[in-house]
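Participant: Before we start, here is the structure in question, set down as structure tokens.
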Amino acid sequence: MPRRIRKVGAPLGVIIGLGVLIGCVLILTTLTNPIGMTIGFVLASIATAVVLLTYLWFDRWEPEPPRLLIFAFVWGASISVVISVVLETMSTPLLGKDGFAAMAIGAPVIEEAAKGVFLLLMMTGRRRNELNSLTDCLVYAGFVAAGFAWLENIFYIAMGETIAHSLLTAALRLIMGPFAHPLFTSMTGIGVYLALQHRGAGAKVLYIGLGYLAAVVMHMLWNGSTVVGAGAYFAVYLFWMVPIFTLAIVTGVLGRRREQRVVAEKLPGLIASGLITPNEATWLGSMRTRKAAIATATRIGGAPAGKSVKEFAVQVVELAFVRDRIDRGLADERTYQRHAEEAYWLTATRAQAPVLQWLTNYRAA
């Protein structure tokens, strides 16, 4: 039976093309300020890696397609940046340059829209099938914002007149605010998630608009405080950004727990349908037991066996989310068609994982 390949998002050629665009911009900037650019690239890349690894940790329950995550990051570091630069340049006669109006009003409105376009793109075509939960929306929002912040931080650090100035800029941007842009865009991600829970176009527009507005307001407070002065900056950081960031972490954790709860609730129905066995249900309902089963399969049949069991578990999660959408009355014709496809691929994945038969006697403790 053929292996399923999740080809969603941009074609590989588009990702490569955008990557080349980013590379050309970095090379040209390096020629003008090689030392500052090197400092900015290294430090910004380290901080961005921490951000991305954090989101990947949140995304362990139902991992998103790597190509689509790469597309999100590259989109943020290319298309979003280009749109922002063009529109901010066009708004200079109205808002001025580098002043309060440009920094606290123009930049947030434009930049959050440029990043948010990717999330709207995610709601179209087969990409919509990847937005199964709040965690998914937060992960894609985080990746596109991390790409934007990565390139922006490189340029800000490279603009330092001296090495000391570049290092100070790096400290302010990368130590105090590495999650700033992902946090802002997460508001739009939450709006997209809420929009997906409704079938009416009016409700969808409302929730997406409210999410975007929340992102803009947070961005405005952050940028405005940097223009006002150090006192305002640290006050906004301690009494606004830190609490909101803490709340975002709690939201992400609760979102992942809800994913686990949805799957656990759908397992009895999958057993009744003959798609999984009662024994498998003992280890499919939590991350801990799922990892233990994958480790057992790896020990029995090697890395390929462990990978096949992991793919089977992920496919169960995919099907559970589709069933949850149907049970909550949010299904349309495409949802039922997808349910049939996911059930087929679950059967196909089982056929490609003979090690599941060897796990018959394995039961989660």
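The values are calculated or read from the model by the stated rules, or taken from the named source; none is laboratory data. Being a predicted model, the structure only gives us computed values, none of them experimental. Note that we place each Cβ from the backbone using ideal geometry, even for glycine, and neighbour counts take in every protein chain shown. Accessible surface areas use protein heavy atoms only, side chains included; no ligands, DNA or RNA. Shrake-Rupley method; radii C 1.70, N 1.55, O 1.52, S 1.80 Å.
Participant: I need every pair where a residue in region 280-304 that is among the polar types (S, T, N, Q) has its Cβ under 6 Å from the Cβ of a residue that is part of a helix (DSSP H, G or I), sequence separation at least 6 or different chains.
Facilitator: Partner pairs satisfying both residue conditions: Thr289/Trp283; Thr298/Gly306.
Participant: Applying the selection to region 259-273, what residues are of a type outside the set (A, V, I, L, M) and open to solvent by 60 Å² or more (accessible area, probe 1.4 Å)?
Facilitator: Gln260, Arg261, Glu265, Pro268, Ser273
Participant: Checking the conditions here, which among Val250, Val317, Val216 is of a type in the set (A, V, I, L, M, F, W, C), modelled with pLDDT of 85 or more, outside the structural domain of Thr185 (by the TED database) and in contact with an Asp or Glu (Cβ under 7 Å, 6 or more places away or on another chain)?
Facilitator: Val317
Participant: Would you check which residues across region 278-314 are polar (S, T, N, Q) and touching a Ser or Thr at 6+ places or on another chain (Cβ under 8 Å) and list them?
Facilitator: Listed by number, the residues that qualify are Asn279, Thr282, Thr289, Ser308.
Participant: Next question. May I ask you to list pairs of residues, at least six apart or on different chains, whose Cβ atoms are under 7 Å apart, with the first in region 340-353 being assigned by the TED database to the domain that holds Lys310 and touching a residue at least 24 places away in the same chain (Cβ under 8 Å) and the second being open to solvent by less than 20 Å² (accessible area, probe 1.4 Å) and among the hydroxyl-bearing types (Ser, Thr, Tyr)?
Facilitator: Cβ pairs passing all conditions: Gln352/Ser308; Ala353/Ser308.
Table: residues versus (1) at pLDDT 90 or above; (2) open to solvent by 10 Å² or more (accessible area, probe 1.4 Å); (3) in contact with an Asp or Glu (Cβ under 6 Å, 6 or more places away or on another chain).
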site: Pro63; (1), (2), (3): no, yes, no
site: Pro66; (1), (2), (3): no, yes, no
site: Leu69; (1), (2), (3): yes, yes, no
site: Gly76; (1), (2), (3): yes, no, no
site: Glu88; (1), (2), (3): yes, yes, no
site: Pro93; (1), (2), (3): no, yes, no
site: Ala102; (1), (2), (3): no, yes, no
site: Ile110; (1), (2), (3): yes, yes, yes
site: Ala113; (1), (2), (3): yes, yes, no
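Participant: Given (1) buried (at least 21 other Cβ atoms within 10 Å of the Cβ); (2) within 25 Å of the chain's Cα centre (by Cα), where does Thr349 come up short, assuming only one miss?
Facilitator: For Thr349, the failing item is (2).
Participant: Report yes if some residue within region 249-267 is among the hydroxyl-bearing types (Ser, Thr, Tyr) and under 27 Å from the mean Cα position of the chain (by Cα); otherwise report no.
Facilitator: For region 249-267, residues among the hydroxyl-bearing types (Ser, Thr, Tyr) and under 27 Å from the mean Cα position of the chain (by Cα): present.
For every residue, the table says whether it meets (1) open to solvent by less than 20 Å² (accessible area, probe 1.4 Å); (2) closer than 20 Å to Tyr193 by Cα; (3) among the aromatic types (Phe, Trp, Tyr); (4) part of a helix (DSSP H, G or I).
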| site | (1), (2), (3), (4) |
| --- | --- |
| Trp283 | yes, no, yes, yes |
| Lys291 | no, no, no, yes |
| Ala295 | no, no, no, yes |
| Ala305 | yes, no, no, yes |
| Glu341 | no, no, no, yes |
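Participant: Inside region 26-53, can you point out the residues that are more than 15 Å from Phe73 (Cβ to Cβ) and either touching a Lys or Arg at 6+ places or on another chain (Cβ under 8 Å) or aliphatic (A, V, I, L, M) (or both)?
Facilitator: Ile27, Leu28, Leu31, Ile35, Met37, Ile39, Val42, Leu43, Ile46
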